[in-house]
Amino acid sequence: MNTEDLDPQALNGAPPLMPWRKFADWIGMGEEPIVVRTWLDRGYLPAKKVGKRTMVNVALLQAQLMEQDWTL
């Protein structure tokens, strides 16, 4: 996944950590949640293990997106 495809403004109001399946639903990938899991496994999305659960680190993702140059 290329983080250039995500709008950092869409992440406003998100919790700092989110279960990966909920994140998949939230970004509109609920029909194909395995894609999000693959992105996590490949390191395309920042993640944090909490117990047995894999959580998307939404706060870090937002920071990474804000550091990128955005052109319209």
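Just so it is clear, none of the values below were taken in a lab; they were calculated from the coordinates. All values reported here derive from a predicted model rather than from experimental measurement. For neighbour counting, all protein chains shown are included, and Cβ atoms are generated from backbone atoms with ideal geometry for every residue, glycine included.
What the table shows:
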read-out	value
Every residue from segment 19-42 that is in contact (Cβ under 8 Å) with a residue 12 or more places away in the chain and either at positive phi or not in a helix (DSSP H, G or I) (or both)	Pro19, Ile27
Considering residues of segment 35-68 that are of a type in the set (Gly, Ala, Ser) and surrounded by fewer than 15 Cβ atoms within 10 Å (Cβ to Cβ) only, the residue nearest to Met18 (Cα to Cα)	Gly51
